Amino acid sequence: KNRKKMGKGKSHDPKDGKRKEKAKMHLKRNIGYVDGVSFIIGSIVGAGIFVSPTGVLKHSLLNVGVALTIWTASGLVSLMGSLCYAELGTALPFSGGEYSHIKRGLGSLPAFVFIWTSTFTKPASNAARALLFAEYAAQPFYGICPAPEVLKKCLALAVLWSLGILNGCSVKMAAWVQTVFTLLKMMALSVIAIGGIVLIGGRKESLARFEDAFSSEIPNASQIAEAFFQGLYAYGGWWSLNYMAEEMKNPSRNIPLTVMTAVPAVIVFYLLVNISYLTVLTPKEIVSSVAVAVTWADRVIPSVAWIIPLSVAVSIFGALNSSMFTLGRLSYAGSQSGHLPVLISMLNVHSCTPAPAMIFSTTIASIFIIPSDLITLTNYFGFSAWLMIGLTCASLIVLRYREPHLHRPYKVFLPVPFVMVAMSSFLVLAPIVWSPNLQYVYAFLFMLGSLIVYLPFIHFKLHFAFLDKITCHLQLLLEVSPADESTESKCE
């Protein structure tokens, strides 16, 4: 009312309109092409390629040719999926990744099931990464003795909250940290890859191993499928860029370009690293090794073999930072749609970062660290990741037919999403059919349990007044404000 009184009798100044626009808040477009490449590579390359790339070789029955073919095929499937996501990310550049696209294409209920499941599985995955980082970071100080569990959990909590605070305070700093740690892990992979290229020429037995790559026993269909599972797991994380589409500079150009740079680069590095392992070690040695990269280093660079365990810790740290960033954006997007408490969709008034969303996701991950046995339960939710990928690609198909005039700066070849839907269906059903387990029933029941929350709170909009008071107090405490639909920001 006071503002209306003050405005009476005054002529309209165009500058006032501009100032009002600038006063509006939204996420800033701080993430460029290099940052995007770093986030994708950082999300995909974790500890797996350093520690245990044995699953593919083991299920390939130690057949070198089949193993390398599966590594390539897994990379190509990941590339196809990332190209589908690139179309959705450029047409609908919103935070939330798959959640936003499923909601637009298939409706509110499937999107809520996705965020309900992700709120459980993704923080648990982050907790597992933090514990693994703590183990590799603490072990050098204890030699052959195991590091105390309490120390590892305290270190894991410290890492989680350090990254949570970093991502909640500054997107630019989080992107800078991601770029630095991605460069470090790629340097470590380059050492292994180049070492193998240098050594392969002088090792006749290694050359013979590749010349007769398909000479050993050929695995059957179920074994190839198991090996394929292992390969696709190693490429997990290619979907991460769509979670930050709202913060990408020039998303219509940078999202497809970033995807087409990052995923093929990972495919090449994975192949070179596996060839390097096979140059130095026999297939039997690789399968029996607990940490293949460490064994490789002991053979090739024994004087500086400590570089590899350090590289594993660095790689996990970078992957955890990327995962923390994307999980915060998922919570933020879910809250904006009314599927999570409204406080989580608010932005810090100083930095325009989704600080409440970061606190929310980091707190849940911290809970999982305390009784770390709970993390093992998330293994049975592995199928849910591919279920959501299938639903996302189905959303792309639905939107192509339902909204044909939607502006699409990049369009993927239409058969590709159909292939991804078929592949996702196979990857969801195969483990349940081949190795049925009661835990899969629990996982499905948990996903269906989302209906208990959805019907009263989302569909019928049940609301408690006391929650508004709590939200108001927390809003003042955290110095956060609701985001506005605007093209400019006072934080810029």
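The values are calculated or read from the model by the stated rules, or taken from the named source; none is laboratory data. Predicted, not measured: the structure shown is a model, and the values here were computed from it. Here the Cβ positions follow ideal geometry from the backbone for every residue, glycine too, while neighbour counts run over all protein chains shown. These accessible areas exclude ligands, DNA and RNA; they are computed on the full protein's heavy atoms, side chains included. Shrake-Rupley method; radii C 1.70, N 1.55, O 1.52, S 1.80 Å.
For the chain, the Cβ-based charge dipole about the Cα centre amounts to some 2080 debye (Lys, Arg positive; Asp, Glu negative; other atoms uncharged). Per residue, the chain exposes an accessible area of 46 Å² to a 1.4 Å probe, with every protein chain left in place. Protein-only accessible surface at a 1.4 angstrom probe places the residues TRP434, TRP238, TRP116 in the order TRP434, TRP116, TRP238, largest first. Here the stretch 99-240 is assigned +1 on the Cβ of each Lys and Arg and -1 on the Cβ of each Asp and Glu. Its dipole about the Cα centre then comes out at about 620 debye. Accessible surface for LYS172 stands near 130 Å², nearest 10, in the context of the full protein assembly shown (1.4 Å probe).
Between their Cα atoms, which of LYS28/LYS411; LYS58/LYS152; LYS185/LYS284; LYS172/LYS249 are more than 22 Å away from each other? Present the calculation step by step, with values, prior to reporting the outcome.
Working: LYS28/LYS411 26 Å; LYS58/LYS152 31 Å; LYS185/LYS284 26 Å; LYS172/LYS249 13 Å.
The pairs that break the limit, which is 22 Å between Cα atoms, are LYS28/LYS411; LYS58/LYS152; LYS185/LYS284.
Selection among LEU57, GLY32, LEU68 by position relative to the dipole of the chain gives GLY32 as farthest towards the positive end (Cβ unit charges, Cα centre). In the chain, the longest principal axis of the Cα atoms and the axis of helix 64-91 are about 10 degrees apart. Pairs of Cα atoms nearer than 8 Å and 6+ residues apart set the relative contact order; for the stretch 113-219 it is 16 percent.
Compared with the dominant principal axis of the Cα atoms in the chain, helix 465-478 is inclined by about 70°. Matching the structure-derived Rg/Rh (Cα atoms, Kirkwood Rh) against the labelled list (1) 1.00; (2) 1.04; (3) 1.18 gives the label (1).
Residues whose amide H falls under 5 Å from that of LEU347, counting only those 5 or more places apart or on a different chain, are SER481, ALA483, with hydrogens built in the peptide plane. Surface composition of the chain: carbon and sulfur atoms hold 68% of the protein heavy-atom accessible area at a 1.4 Å probe.
What FRET efficiency comes out for ILE218 versus ASN437 if R0 is 30 angstrom and r is the Cβ-Cβ distance? Round to the nearest 0.05.
Values: r = 28 Å, r/R0 = 0.95.
The calculated FRET efficiency here is 0.60.
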